[in-house]
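**Q** My questions all concern the structure below.
What follows draws every value from the coordinates through simple rules; no lab data is involved. As the structure is a computational prediction, the values presented were derived from the model and not from experiment. Every residue, glycine among them, receives a Cβ derived from its backbone with ideal geometry; neighbour counts consider all protein chains shown.
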Amino acid sequence: MKKIVFVEDDLGILEVARFIFEKAGYSVSLHGSAESLLAELSAETDIFILDKQLPDMDGLELCRKLKASPQTSAIPILMLSANPQIRNLASAAGADAVMEKPFEIKELLMVVGNLVATMKLPLSS
């Protein structure tokens, strides 16, 4: 079962995300802050979904940290935001995909499915 790690400070969105992704066959780990994610970081993740606005760290900074870490650099990151500048900002931070809020659930599932299917495997030494 593919594992999604979703970081969003709106608990309502997290609960809806859990329902949607579990119904689609994913395992879901929810976090309300960057600190929560970083404390429980696992390479056993197939995709990170990050909101830009987090209470303790900008989601773009969290994206940079995850892409800089050898443990998580190959894991795809989908950035979510209502910020109209998010496409350029997320690309500069290393995100693999971006979705502007509001979005369609069907589109979200399609983007996540595509990212998980094309996940880059780490090079073996």
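**Q** Please go through the range 11-53 and pick out each residue that is of a type in the set (G, A, S), surrounded by 15 or more Cβ atoms within 10 Å (Cβ to Cβ) and more than 17 Å from T72 (Cα to Cα).
**A** Answer for the range 11-53, where residues must be of a type in the set (G, A, S), surrounded by 15 or more Cβ atoms within 10 Å (Cβ to Cβ) and more than 17 Å from T72 (Cα to Cα): A17, A24, G32, S33.
**Q** Among the residues of the range 30-40, are any touching a strand residue (DSSP E or B) at 6+ places or on another chain (Cβ under 7 Å) and closer than 22 Å to K106 by Cα?
**A** yes
**Q** Does at least one position in the range 42-65 carry a residue that is among the basic types (K, R), in contact (Cβ under 8 Å) with a residue 24 or more places away in the chain and in contact with a Gly (Cβ under 8 Å, 6 or more places away or on another chain)?
**A** For the range 42-65, residues among the basic types (K, R), in contact (Cβ under 8 Å) with a residue 24 or more places away in the chain and in contact with a Gly (Cβ under 8 Å, 6 or more places away or on another chain): present.
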